[in-house]
Amino acid sequence: MRADPFTRKNIEKITWIGLLANVALAVIKLVIGWIGSSQAVVADALHSFSDTASDLVILFGVRYWTAPPDECHPFGHQKIESFVTIFISLILLGVAAGIGYNAIVSLMHPMTTRLRPVVLVAPLLSLVVKETMFRITFSAGIKNRSPSLKANAWHHRTDALSSIPVLVAVTAGLISPKLAFLDPVGAILVSVFIIKVGIDILGDSLAELTDKGMSQKDRKNIQTLIQGIPHVQGTHRIRSRNISGCFYMDLHLEVDGHMTVRQGHDISETVKKTLMERYPKIIDVMVHLEPADDNPGIKPGEYLS
C-alpha cells in the first residue's frame, strides 16, 4: 500500500510546497535579522534553512521507500524512510547545538547593538507561515501514513513555536536596551525546544528500526478481541513489528483439532479481517493454526453452517 504512486506524488507535492516556503521565509528572516541586528531572528532563520535540508532529504528518499516489494525485500522498502527520518532529527539536533552555542557566547560577551523595529516582522511572519505549513504537512503525513512527513511537519512546528520566544525577546529589547540580553536568551530557548523535538523523533525512528512491537495494552486488547471470535479456543505468541508507523503481525490460533483445513482457514481469515478492521495500523496478519489440546472433539462439517 505504501508503493501507491499517488502516495508518492502527494508526499512530493507537499514537500515541494514546504521547500519553497522554507527558502523564502529563511531568506526574509535572515535579511531582517541582519538589518535589525537581532541574533535571535538570525538563529530562527538558520532553523528555517534546516527545514530545507529535511525537505531535500525527503524528496530524494521518497522514490526509494515507496518502491514496491521485490524478491530481496518482500516486506517492501519502508524502513528507508526511518533512516531519512533519523537524518532529519540529526539535522535538527545539529542546528539546535549551533544556535545554543552562539547564543551562550553572546551572553558571555555582550554587545551594545540596538535592535531595530523591523525585527518584529520576522517572527510574526514565521508564526503564520510555519503553523500553516505544519497543519498541511501533518495532515498529509496522517493521510499517507508517512512518518517522515509527520517528522517534517514537526520541523515546521518547531520553527513556528521557536518564533514565540524570539518575538518576546525582540519586543523586550525594543522597549528597553537594558533588556537586549533577552535576544540571545530567546535563541537559547529556541535551541532547547528544537533539541527536545529532535530527540523525540530520533527515539521513534530507532524504535522502529529495532522492530519495536505494539504496546502490552494493545496486545492484551487484541488477545481479548480474538478470543471473542466464534470457534476460537485460544491464542498465544502474538507478535508485531513496526514498519513506518504500521504493523505486521503474526500469532498462533488454537482451534478444534478435528476441523477440516477449509474450516480452520475460514476462521483464520475471520481473525485477520477483524484485526485489520479494528486496528487500521495493522496491514497484514500471519495466522498459525494449532489444534487445541484439551478439545473434546467436534464432528466434521459442524462449522460449515
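The values are calculated or read from the model by the stated rules, or taken from the named source; none is laboratory data. Not measured: the values here are computed from a predicted model. Here the Cβ positions follow ideal geometry from the backbone for every residue, glycine too, while neighbour counts run over all protein chains shown.
Could you go through the range 91-106 and let me know if any residue there is buried (at least 16 other Cβ atoms within 10 Å of the Cβ), more than 29 Å from I17 (Cα to Cα) and among the polar types (S, T, N, Q). Within the range 91-106, one or more residues are buried (at least 16 other Cβ atoms within 10 Å of the Cβ), more than 29 Å from I17 (Cα to Cα) and among the polar types (S, T, N, Q).
So for the range 220-231 (the condition being of a type outside the set (S, T, Y) and modelled with pLDDT under 85), does at least one residue qualify? Looking for residues that are of a type outside the set (S, T, Y) and modelled with pLDDT under 85, one finds none in the range 220-231, hence no. Modelled with pLDDT of 90 or more and loosely packed, with under 14 Cβ neighbours inside 10 Å: is that true of H252 in this structure? No: the conditions fail for H252. Applying the criterion of at least 1 residues that are β-branched (V, I, T) and closer than 21 Å to Q78 by Cα to the helices (runs of 4 or more DSSP H) found wholly in the range 181-286 leaves 182-209. Scanning the range 175-231 for residues that are buried (at least 16 other Cβ atoms within 10 Å of the Cβ), among the small types (G, A, S) and closer than 28 Å to M276 by Cβ yields S205, G213. Scanning the range 28-60 for residues that are surrounded by fewer than 24 Cβ atoms within 10 Å (Cβ to Cβ) and outside any helix (DSSP H, G or I) yields one hit, S37.
Within the range 103-112, is there a residue that is out of contact with any Pro (no Cβ under 9 Å at 6 or more places or on another chain), assigned to a helix (DSSP H, G or I) and free of Cβ contacts under 8 Å to residues at least 60 places away in the same chain? Yes, the range 103-112 contains at least one residue that is out of contact with any Pro (no Cβ under 9 Å at 6 or more places or on another chain), assigned to a helix (DSSP H, G or I) and free of Cβ contacts under 8 Å to residues at least 60 places away in the same chain. Exactly one residue out of A153, A160 is over 23 Å from G33 (Cα atoms), in a helix (DSSP H, G or I) and either touching a residue at least 60 places away in the same chain (Cβ under 8 Å) or assigned by TED's automatic domain parsing to the domain that holds M133 (or both), and it is A153. Kindly evaluate G234 against the criterion of being at pLDDT below 90, more than 34 Å from the chain's Cα centre (by Cα) and surrounded by fewer than 19 Cβ atoms within 10 Å (Cβ to Cβ). Yes; evaluated as a whole, the condition is true for this residue. So, of the residues in the range 163-180 that are among the polar types (S, T, N, Q) and assigned to a helix (DSSP H, G or I), which turns out to be modelled with the highest pLDDT? Here the residue is T171.
Looking at V129, V168, just one residue is under 13 Å from V41 (Cα atoms) and among the aliphatic types (A, V, I, L, M), and that residue is V168.
Among the residues of the range 122-161, those identified as exposed (fewer than 15 other Cβ atoms within 10 Å of the Cβ) and either closer than 22 Å to V84 by Cα or of a type in the set (A, V, I, L, M) (or both) are L124, V128, R135, S139, I142, K143.
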